[in-house]
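Let me begin by presenting the structure, written as structure tokens, before commenting on it.
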Amino acid sequence: MPHLSASSQQLAAQSVIWAENSLLTEWFTYGREQLPYEACGALFGRRAADGWLLTGWRGINNAAVNPEEQFTLDPLQWVPLVMKQSVCMPGDEQLLGVFHTHPAAAPIPSAADLQTTWHALPCHAIISFCSPGKPLAAFYRYTRASGDISLQFEPYTLKLL
């Protein structure tokens, strides 16, 4: 899995996710179509001066035993995607992170989310369908204090283009 290593100062300078409204609309539609199950997938983007430009997403089948309450990216789709990304050239669109939906919970990382390996990627996004007519997306990066084994999450600011 790709690993992003950056100092705290670099992370603070990269605190924005930029996205087109039309891309978010497509993404929300996909998540809504998967209800009552958690949808999941990959996010793609490029570095921007103050964060990341979200350039695309790809839905991946949820292979969890109980997809109403958790997500597991289908390895038959996820592994080839990660392998392809490992050969990208600098400046290319890259794997930015993963996303999943919370069909009936706020878009805040759960205890289970904090135990995943997604913290090695720059971004983890969660779409909440607590109000199905008005989905809410939140983007996070995970950090770990020096010597601390537990993860904390910090939100990115979403800005529309």
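Structure above, values below:
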| item | result |
| --- | --- |
| Residue among Phe99, Phe44, Phe28 that alone is out of contact with any Leu (no Cβ under 9 Å at 6 or more places or on another chain) and of a type outside the set (Ser, Thr, Tyr) | Phe28 |
| Hey, Ala105 in a strand (DSSP E or B), farther than 16 Å from Leu158 by Cβ and modelled with pLDDT of 90 or more or not | no |
| Search result, residues across region 46-71 that are hydrophobic (A, V, I, L, M, F, W, C), closer than 15 Å to Arg141 by Cβ and surrounded by 15 or more Cβ atoms within 10 Å (Cβ to Cβ) | Trp52, Leu54 |
| Qualifying positions in region 33-49 - of a type in the set (D, E, K, R) and modelled with pLDDT under 95 | Arg46, Arg47 |
| Any hit, region 71-87, residues being at pLDDT below 90, part of a helix (DSSP H, G or I) and among the aromatic types (Phe, Trp, Tyr) | no |
| Cβ-Cβ under 8 Å pairs, at least 6 apart or on other chains, region 139-161 side modelled with pLDDT under 80, far side among the basic types (Lys, Arg) and not in a strand (DSSP E or B) | Ser150/Arg144; Leu151/Arg144; Gln152/Arg144 |
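The values are calculated or read from the model by the stated rules, or taken from the named source; none is laboratory data. Bear in mind the structure is a predicted one, so any value in this text is a computation, not a measurement. Cβ coordinates were reconstructed from backbone atoms using ideal geometry, including for glycine residues, and neighbour counts include every protein chain displayed.
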